[in-house]
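Undergrad: Encoded as structure tokens, here's the structure I'll be asking about.
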Amino acid sequence: MTPVEAVDEDGSRTRGDIKFGFLGVATAFFLLVMLVPAPRSLVSMVSEERPIGYQLQPGTATITESVNKVLGTELSPADVAFKAKIMIAILFAAAFLWGTETIPLGATDLLIGGLLYLFFILPLDAISKAYMKDAVFFIFGILAIAVGVSKTGLDRRIGILLLGRVKGIKSFCFVFLPLLAVSAGFLSEHALIAILVPVLLRVYRAMCDAHDLKQDRALAVFLLLGICFAANQGGPGSPAAGGRNAIMVGYFREFGREISFAQWVMYAMPFVLIMSFAVGAFMYFAFRRKIRVPNVDFSRFVRHEVGRIGRPSSREILMGIILVTVIVLWITSSRRFGLGGPCVFAVVLMMVFRIIGWKDIQNHVRFDVVGLYAAACAMGVGLKVTGASLWLARAAVGILPASMQGGNWLLTATSVMTGTMTNFMSDGATVASLGPVVLSMAPIAHVHLWKIGLACSFSSSFANALIVGTPNNAIAYVGGTDPDSKERLLRLKDFLIYGTPVTILAMIVFWLACIFGYWKLLPWN
């Protein structure tokens with residue numbers, strides 16, 4: 001064995017030991033919660049008549065009666081409190097396993113269903129139904145559509161079109177980045193970043209060569225972080241922007257207040273526009289004196305690429321028609337067809353017209369991520385039925401200062417909590433974990449359910465400081481190398497140095513523009 005192999009083996013063993021330790025921590029936590037008696041406040045809550053924030057089953061007056069009706073049992077309040085306590089253990093253990101990826105995502109996804117069945121939190125048929133929500137078909141469909149967009153080359157054409165009118169640094173910041181943010185509100189932001197990273201690196205290399213510069217790392221960091229931050233802030237734009245939004249749509253449905261695609265866009269798109277210009281301004285003033293290239297002309301490079309890409313193929317045109325049709329159906333008919341229906345229909349059409357095949361779906365759609373959203377939906381049902389989410393909400397509101405236990409200040413507290421957490425774990429896992437908790441706060445704190453849910457979902461897009469928070473950052477970091485020398489241009493500390501101020505800026509803009517701004521002028525049905 002060579003020294004290098006020995007180091008690799010030792011490194012693998014060390015990572016394995018760390019993951020095994022994480023698994024031990026999660027197991028010990030779960031067992032501890034299971035063995036510790038349920039808090040008196042939880043037992044008392046499941047015995048309350050008509051508790052605010054819980055949707056009782058018809059003909060019942062307490063959470064205990066509702067759970068017994070769902071399960072067909074005759075459990076005591078202490079037994080129901082035990083089930084709620086188990087759901088809390090599942091919530092935190094799953095969030096920890098998702099965040100650390102101690103075991104594969106798919107294993108955690110299945111583990112949740114197994115625990116729901118093992119502890120009889122829900123009947124078997126109800127668990128299966130909870131795993132197969134509209135949001136699950138939606139996230140599967142949107143990932144498959146992204147495969148079709150990439151395979152036909154439509155993604156490259158979209159990237160070139162977005163850069164078409166960019167002639168310098170100022171127009172990149174105040175034209176291109178807002179266009180990218182709006183696009184990321186409807187298309188897969190991960191796909192857009194994957195498209196643009198190689199395109200912008202070719203632009204970077206061409207600019208350096210044109211001015212006889214070996215390297216201009218500030219320009220590379222400016223380009224790569226700019227698209228990351230813009231795409232991240234575009235995430236709240238619509239339910240189609242990411243799985244975290246699909247999870248929240250599913251939670252709204254579970255809590256009896258379904259939101260349409262058009263309503264979400266109405267509440268979100270003004271924020272996306274305002275924040276995209278704020279990101280542009282930050283990037284402009286942070287980098288304008290650091291970039292060494294005196295004249296950054298993107299349009300010249302784009303004209304060259306347009307000549308190479310040629311006319312769109314018939315498959316590319318078909319893919320564009322399918323994509324536009326799906327977006328139109330989301331906007332006009334989401335209440336009738338949901339978000340998943342148009343996506344599944346689009347997948348069928350892509351296969352009928354041979355844009356993609358089943359092997360493309362098997363090879364390129366991450367089914368473990370689809371399973372994460374399915375497991376999150378099932379976990380949300382379990383938390384809601386047992387009353388665990390209501391108890392957590394009461395506890396969360398109780399530890400807040402009196403001035404922040406209701407109204408707009410509770411929304412700001414939710415955004416801080418979510419925005420901080422999402423930088424350390426994936427946005428989908430953050431919303432999956434916090435969603436049921438914050439939504440249960442709404443009736444307690446007299447806040448509209450959609451407001452607190454959107455505050456959580458929006459803030460989960462503020463993952464700018466670390467690469468673990470979103471695939472966008474990871475894609476840019478992995479791909480951020482010089483096309484010629486292969487030298488790394490983007491470093492981990494760049495995200496921390498520039499991403500932390502952007503995250504703080506996003507929270508402030510959200511508070512001022514949404515919570516204390518235009519949301520007050522919009523109807524909340």
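Undergrad: Within segment 226-242, can one find any residue that is under 17 Å from residue 374 (Cβ atoms) and touching an Asp or Glu at 6+ places or on another chain (Cβ under 8 Å)?
TA: yes
Undergrad: Identify the single condition in (1) among the polar types (S, T, N, Q); (2) in a helix (DSSP H, G or I); (3) surrounded by fewer than 24 Cβ atoms within 10 Å (Cβ to Cβ) that residue 215 does not satisfy, given that it satisfies every other one.
TA: Residue 215 satisfies every listed condition except (2).
Undergrad: Residues to consider are 206, 240; find the one that is over 30 Å from residue 383 (Cα atoms) and either touching a helix residue (DSSP H, G or I) at 6+ places or on another chain (Cβ under 9 Å) or charged (D, E, K, R) (or both).
TA: Numbers: 240 fails: over 30 Å from residue 383 (Cα atoms).
The match here is 206.
Undergrad: Are any residues in segment 99-113 assigned to a helix (DSSP H, G or I) and in contact (Cβ under 8 Å) with a residue 12 or more places away in the chain, and if so, which ones?
TA: Restricting attention to segment 99-113, the residues satisfying the condition of being assigned to a helix (DSSP H, G or I) are 99-100, 105-113.
Matches in segment 99-113: 99, 100, 105, 106, 108, 109, 110, 111, 112, 113.
Undergrad: A further question on this structure: Can you name every residue in segment 74-98 that is more than 20 Å from residue 434 (Cα to Cα), surrounded by fewer than 18 Cβ atoms within 10 Å (Cβ to Cβ) and either touching a residue at least 40 places away in the same chain (Cβ under 8 Å) or of a type in the set (D, E, K, R) (or both)?
TA: 74, 78, 79
Undergrad: Please go through segment 240-260 and give me each residue that is within 24 Å of residue 180 (Cβ to Cβ), modelled with pLDDT under 85 and part of a helix (DSSP H, G or I), ordered by number.
TA: Once the filter is applied, which keeps residues that are within 24 Å of residue 180 (Cβ to Cβ), modelled with pLDDT under 85 and part of a helix (DSSP H, G or I), segment 240-260 yields 240, 241, 243, 244, 246, 247.
Undergrad: Of all the residues that make up segment 87-138, how many are farther than 27 Å from residue 25 by Cβ and among the acidic types (Asp, Glu)?
TA: 2
Undergrad: Given the residues 310, 280, 338, which is the only one that is at pLDDT below 80 and touching a helix residue (DSSP H, G or I) at 6+ places or on another chain (Cβ under 8 Å)?
TA: None of the others qualify; the one that does is 338.
Undergrad: For segment 439-487, enumerate the residues that are out of contact with any Leu (no Cβ under 7 Å at 6 or more places or on another chain), buried (at least 24 other Cβ atoms within 10 Å of the Cβ) and among the small types (Gly, Ala, Ser).
TA: The answer is 457, 459, 460, 461, 463, 469.
Undergrad: Moving on to the next point. Considering only residues of segment 1-49 that are outside any helix (DSSP H, G or I) and modelled with pLDDT of 85 or more, which is farthest from residue 98 (Cα to Cα)?
TA: 49
Undergrad: Among the residues of segment 170-187, write down those that are buried (at least 24 other Cβ atoms within 10 Å of the Cβ) and under 20 Å from the mean Cα position of the chain (by Cα).
TA: 177, 180, 181, 184, 185, 187
Undergrad: Scan 105, 122, 116 and give me the residue that is buried (at least 19 other Cβ atoms within 10 Å of the Cβ) and over 30 Å from residue 64 (Cα atoms).
TA: 105
Undergrad: Identify, from the list 461, 485, the residue that is in contact with a Pro (Cβ under 6 Å, 6 or more places away or on another chain) and polar (S, T, N, Q). Walk me through how you get there before you give the answer.
TA: Details: 485 fails: in contact with a Pro (Cβ under 6 Å, 6 or more places away or on another chain).
Only one candidate passes the filter, namely 461.
Undergrad: Within segment 489-500, work out how many residues are exposed (fewer than 14 other Cβ atoms within 10 Å of the Cβ) and at pLDDT 80 or above.
TA: So the answer is 2.
Undergrad: Please go through segment 167-191 and give me each residue that is at pLDDT 85 or above, over 19 Å from residue 270 (Cα atoms) and among the small types (Gly, Ala, Ser), ordered by number.
TA: 171
Undergrad: Say we look at segment 358-407 and pick out the residues that are of a type in the set (D, E, K, R) and more than 17 Å from the chain's Cα centre (by Cα); which of these is modelled with the lowest pLDDT? Reasoning before the result, please.
TA: So the first thing to find is which residues in segment 358-407 are of a type in the set (D, E, K, R), and the list is 359-360, 366, 368, 384, 394.
Next, only the ones that are more than 17 Å from the chain's Cα centre (by Cα) stay: 359-360, 384, 394.
Values: 359: 91, 360: 90, 384: 82, 394: 75.
My answer is 394.
Undergrad: Moving to a separate point now. Checking the structure you have, find out if any residue of segment 52-62 is surrounded by 18 or more Cβ atoms within 10 Å (Cβ to Cβ), modelled with pLDDT of 90 or more, in a loop (DSSP other than H, G, I, E, B) and hydroxyl-bearing (Ser, Thr, Tyr).
TA: yes
Undergrad: Name every residue in segment 311-344 that is surrounded by 15 or more Cβ atoms within 10 Å (Cβ to Cβ), of a type in the set (D, E, K, R) and out of contact with any Gly (no Cβ under 7 Å at 6 or more places or on another chain), in order of residue number.
TA: Selection gives 315 alone.
The values are calculated or read from the model by the stated rules, or taken from the named source; none is laboratory data. Treat the numbers as computed from the prediction; the structure is a model and nothing was measured. We place every Cβ from the backbone using ideal geometry, glycine too, and count neighbours over all the protein chains shown.
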